[in-house]
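**Student:** Attaching a single structure in structure tokens format; questions to follow.
The values are calculated or read from the model by the stated rules, or taken from the named source; none is laboratory data. Worth saying up front: this structure is predicted, and the values here are computed from it rather than measured. So basically every Cβ, Gly included, is an ideal-geometry build from the backbone, and we count neighbours across all protein chains shown. Side chains are part of the model used for accessible areas, which takes the heavy atoms of the whole protein and leaves out ligands, DNA and RNA. Shrake-Rupley method; radii C 1.70, N 1.55, O 1.52, S 1.80 Å.
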Amino acid sequence: MREFGTDEKVIDEKLQGTATLLNAAQESTNGKKLYLESYGCQMNFSDSEIVASILSEEGYTTTRNSEDADVILMNTCSIRENAEQRVRNKLSQYNKRKKKNPSLVIGILGCMAERLKKDLLEQEKLVDLVAGPDAYRDLPNLIEEVNGGQKAVNVLLSREETYADIAPVRLGAGGVTAFISIMRGCDNMCSFCVVPFTRGRERSRDPESIVKEAQELFDNGYREVTLLGQNVDSYKWNITKKGEVIDESKPVVTFAGLMEKVALVNPDLRIRFSTSHPKDMTDDVLHVMAKYENLCKYIHLPVQSGSSDVLKRMNRGYTREWYLNRIDAIKRILPDAFISSDIITGFCGETDEDHQETISLMKEVGYEFSYMFFYSERPKTLAERKFEDDIPEALKKQRLYEVQALQAKLSHEANERMVGNVCKVLVEGTSKRSDDFVYGRNSQNVTTIFPKENFEPGDYVNVKITDFTSATLKGVAVKS
Ligand code: SAH
Ligand code: SF4
Ligand code: F3S
């Protein structure tokens, strides 16, 4: 799993995560089985680990087979219409099962729960339980209410909840890489985006609890953490949004400061983060990244569009020039870094010229990787209220194919340039294609495959790159 985005790959890996939940140690059980399924971004996946933790405290054991479950919880995404449709289809399937087994509890969590609230119970009649992203501590009570014959809803958003004290049950396979949520919510109002409505106000988590979690992961054999937030550059602790220090006797911690603290946990713990916002990304962060080898040289800096007119309508808070200035800073301070992006095609009023500006910006930056989407209008967003969704779907898709084709070419070229280089790769597991090979990622986040020899997950290996595809590098281990 690489970045924010809701592509099939991410979802597939999350379903695998559900499977490994089976192995989570359970101390005292209540005899009930939980099946947890996650969709959407890394943040949702990280939240599912919090949910697993809260319910395992209540004695739930987990199952990889939804047919065995007493409780089915779906942690959902609202970012684009098709993400919601996929969940509805799955809920209908589970509802058929409920006809045979009326005591089965079906619940919906996450962004769709927050967006649709009671409609899912009352109009669509698809679920028994609805819990928004800030209501997971209430899940044991909500399940209890459903068992008592009621329908249960809690979609209250909070200004404080960060689940800082909850030790997540790690669902990801492998035991080498893990997520740490450092903040929740989003205070930006990008006009296309539903997240501020589903996740509420931005709040940062206590840095000490973040460092402690990173240290515990390292002590348990993990070698990579990804710090998660919708806009990590606006992480702040002990200072208000207006810049007033809250407690003069304590230090203020910014994202750059937090990165440094986590980098110092151990030089063998790699750190990644997602997502940066071009309007807030400062040179401080880049300088800290340059100073510590274990801060991975990879930045996901979503541009969305290469046209300043479109960016203005998107309410992104930057222009094409501003964005390119940030790219220059990255290339100057971190010359080895790989840069990736998110791109939306066919946003309201996007002309052919605007689209060409996206194409030219992609070439100018030379992204090594991108997540690309065509625009999907979301209810209640600024764009839905203010602008007409006027680009025909066929044209949105045609433009999407163009940016996808260009990105494939750019990724191919980037990997081609790596041939002959030696990269330090963190081994994550055995290759799915062959037991004789292991895979991992280099600092720049490119998956790299090489002969297994005696390497184990968690090992760092210097790999000389000998071959590549547009998505992976291939090589052999070398001594230095
Ligand atoms: N906080 C992150 C993005 C989270 S959503 C950021 O600001 O970059 C992940 C991506 O989904 C966005 O970057 C955007 O490219 C895409 N996206 C969001 N809303 C969308 C919509 N209505 N239609 C199509 N793509 C959308
Ligand atoms: Fe959405 Fe913009 Fe917030 Fe990202 S920064 S989550 S795109 S509103
Ligand atoms: Fe993530 Fe989807 Fe919500 S991208 S924040 S799960 S709308």
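**Student:** Is there a residue in segment 270-281 that is away from ligand 2 (no atom under 16 Å from the Cβ), more than 28 Å from residue 366 (Cα to Cα), modelled with pLDDT of 95 or more and in contact with a helix residue (DSSP H, G or I) (Cβ under 7 Å, 6 or more places away or on another chain)? Let's see the steps before the verdict.
**Tutor:** So the first thing to find is which residues in segment 270-281 are away from ligand 2 (no atom under 16 Å from the Cβ), and the list is 270-272.
Those still in the list that are more than 28 Å from residue 366 (Cα to Cα) too: none.
The answer is no, given that none of the residues of segment 270-281 is away from ligand 2 (no atom under 16 Å from the Cβ), more than 28 Å from residue 366 (Cα to Cα), modelled with pLDDT of 95 or more and in contact with a helix residue (DSSP H, G or I) (Cβ under 7 Å, 6 or more places away or on another chain).
**Student:** Starting from segment 60-72, take each residue that is within 11 Å of residue 37 (Cα to Cα) and free of Cβ contacts under 8 Å to residues at least 60 places away in the same chain and list its partners that are of a type in the set (Asp, Glu) and not in a strand (DSSP E or B), counting only C-beta distances under 8 angstrom and pairs at least six apart or across chains.
**Tutor:** none
**Student:** While we're on this one: Residue under question is residue 179, and the condition is that it be modelled with pLDDT of 95 or more, in contact with a strand residue (DSSP E or B) (Cβ under 7 Å, 6 or more places away or on another chain) and within 14 Å of ligand 3 (Cβ to nearest atom); does it hold?
**Tutor:** Details: modelled with pLDDT of 95 or more: yes; in contact with a strand residue (DSSP E or B) (Cβ under 7 Å, 6 or more places away or on another chain): yes; within 14 Å of ligand 3 (Cβ to nearest atom): yes.
Yes: the conditions hold for residue 179.
**Student:** Then there's this: Kindly indicate whether residue 78 is part of a loop (DSSP other than H, G, I, E, B) and open to solvent by less than 50 Å² (accessible area, probe 1.4 Å). Walk me through how you get there before you give the answer.
**Tutor:** Numbers: part of a loop (DSSP other than H, G, I, E, B): yes; open to solvent by less than 50 Å² (accessible area, probe 1.4 Å): yes.
The answer is yes for residue 78.
**Student:** Report the residue count in segment 369-396 for those that are of a type in the set (Asp, Glu) and open to solvent by 70 Å² or more (accessible area, probe 1.4 Å). Lay out the reasoning, then the answer.
**Tutor:** Within segment 369-396, the first condition is being of a type in the set (Asp, Glu), and the residues that meet it are 377, 384, 388-390, 393.
Applying the additional criterion that residues be open to solvent by 70 Å² or more (accessible area, probe 1.4 Å) yields 384, 388, 390, 393.
Residues flagged as of a type in the set (Asp, Glu) and open to solvent by 70 Å² or more (accessible area, probe 1.4 Å) within segment 369-396 amount to 4.
**Student:** Also, quick follow-up: Taking the conditions exactly as written (within 16 Å of ligand 1 (Cβ to nearest atom), under 21 Å from the mean Cα position of the chain (by Cα) and assigned to a helix (DSSP H, G or I)), does residue 285 satisfy them or not?
**Tutor:** Values: within 16 Å of ligand 1 (Cβ to nearest atom): yes; under 21 Å from the mean Cα position of the chain (by Cα): yes; assigned to a helix (DSSP H, G or I): yes.
Criteria met by residue 285.
**Student:** Would you check if residue 145 is at pLDDT 95 or above, at negative phi and within 16 Å of ligand 1 (Cβ to nearest atom)? So that I can check it myself, show each step before the final result.
**Tutor:** Working: at pLDDT 95 or above: yes; at negative phi: yes; within 16 Å of ligand 1 (Cβ to nearest atom): no.
When the stated conditions are applied, residue 145 does not pass them.
**Student:** Consider segment 84-102. How many of its residues are touching a residue at least 24 places away in the same chain (Cβ under 8 Å) and open to solvent by 10 Å² or more (accessible area, probe 1.4 Å)?
**Tutor:** Looking only at segment 84-102, we keep the residues that are touching a residue at least 24 places away in the same chain (Cβ under 8 Å), and these are 84, 86-88, 90-92, 94-95, 97.
Now narrow it down to the ones that are open to solvent by 10 Å² or more (accessible area, probe 1.4 Å): 86, 88, 90, 92, 95, 97.
Selection size over segment 84-102: 6.
**Student:** Continuing with this model, one more query. Return the residues of segment 451-480 that are farther than 15 Å from residue 427 by Cα, among the polar types (S, T, N, Q) and open to solvent by 70 Å² or more (accessible area, probe 1.4 Å); say none if nothing qualifies.
**Tutor:** Those that are farther than 15 Å from residue 427 by Cα, among the polar types (S, T, N, Q) and open to solvent by 70 Å² or more (accessible area, probe 1.4 Å): 466, 480.
**Student:** Further question on the same structure: For segment 296-314, indicate whether the set of residues that are open to solvent by 60 Å² or more (accessible area, probe 1.4 Å), in contact with a helix residue (DSSP H, G or I) (Cβ under 9 Å, 6 or more places away or on another chain) and closer than 27 Å to residue 387 by Cβ is non-empty. Working first, answer last.
**Tutor:** Let us first name the residues in segment 296-314 that are open to solvent by 60 Å² or more (accessible area, probe 1.4 Å), namely 309, 312-313.
Subsequent filtering for residues that are in contact with a helix residue (DSSP H, G or I) (Cβ under 9 Å, 6 or more places away or on another chain) retains 309, 313.
Cutting the leftovers down to closer than 27 Å to residue 387 by Cβ gives us 309, 313.
Checked segment 296-314: at least one residue is open to solvent by 60 Å² or more (accessible area, probe 1.4 Å), in contact with a helix residue (DSSP H, G or I) (Cβ under 9 Å, 6 or more places away or on another chain) and closer than 27 Å to residue 387 by Cβ.
**Student:** Conditions: (1) β-branched (Val, Ile, Thr); (2) within 16 Å of ligand 3 (Cβ to nearest atom); (3) open to solvent by 40 Å² or more (accessible area, probe 1.4 Å). Residue 254 meets all but one. Number of the miss?
**Tutor:** For residue 254, the failing item is (2).
**Student:** For residues in segment 49-68 being surrounded by 23 or more Cβ atoms within 10 Å (Cβ to Cβ) and not in a helix (DSSP H, G or I), which is modelled with the lowest pLDDT?
**Tutor:** Step one: filter segment 49-68 for residues surrounded by 23 or more Cβ atoms within 10 Å (Cβ to Cβ), giving 49, 51-52, 55, 60, 62.
Subset that is not in a helix (DSSP H, G or I): 60, 62.
Numbers: 60: 93, 62: 84.
Here the residue is 62.
**Student:** List the number of the failed condition for residue 208; all other conditions in (1) at pLDDT 95 or above; (2) under 17 Å from the mean Cα position of the chain (by Cα) hold.
**Tutor:** The failed condition is (2).
**Student:** Of the conditions (1) assigned by TED's automatic domain parsing to the domain that holds residue 62; (2) open to solvent by less than 20 Å² (accessible area, probe 1.4 Å); (3) away from ligand 2 (no atom under 16 Å from the Cβ), residue 133 fails just one. Which one is it?
**Tutor:** If we test residue 133 against (1) assigned by TED's automatic domain parsing to the domain that holds residue 62; (2) open to solvent by less than 20 Å² (accessible area, probe 1.4 Å); (3) away from ligand 2 (no atom under 16 Å from the Cβ), just (3) comes out false.
**Student:** Given the structure, is residue 366 away from ligand 2 (no atom under 15 Å from the Cβ) and either surrounded by fewer than 21 Cβ atoms within 10 Å (Cβ to Cβ) or free of Cβ contacts under 8 Å to residues at least 12 places away in the same chain (or both)?
**Tutor:** On the way: away from ligand 2 (no atom under 15 Å from the Cβ): yes; either surrounded by fewer than 21 Cβ atoms within 10 Å (Cβ to Cβ) or free of Cβ contacts under 8 Å to residues at least 12 places away in the same chain (or both): yes.
Here the answer is yes, as residue 366 does meet what is asked.
**Student:** Same structure, new question: Which one is most open to solvent (accessible area, probe 1.4 Å), of the residues in segment 103-120 that are small (Gly, Ala, Ser) and more than 9 Å from residue 155 (Cα to Cα)? So that I can check it myself, show each step before the final result.
**Tutor:** Step one: filter segment 103-120 for residues small (Gly, Ala, Ser), giving 103, 107, 110, 113.
Filter once more, keeping what is more than 9 Å from residue 155 (Cα to Cα): 103, 107, 110.
Working: 103: 86, 107: 0, 110: 0 Å².
Across segment 103-120, the extreme among qualifying residues is 103.
**Student:** For segment 424-445, what are the residues that are open to solvent by 10 Å² or more (accessible area, probe 1.4 Å) and closer than 25 Å to residue 409 by Cβ?
**Tutor:** 433, 439, 441, 443, 444 - these are the residues of segment 424-445 that are open to solvent by 10 Å² or more (accessible area, probe 1.4 Å) and closer than 25 Å to residue 409 by Cβ.
**Student:** Out of segment 323-363, which residues are within 16 Å of ligand 2 (Cβ to nearest atom) and of a type in the set (D, E, K, R)?
**Tutor:** Residues satisfying the conditions are 326, 342.
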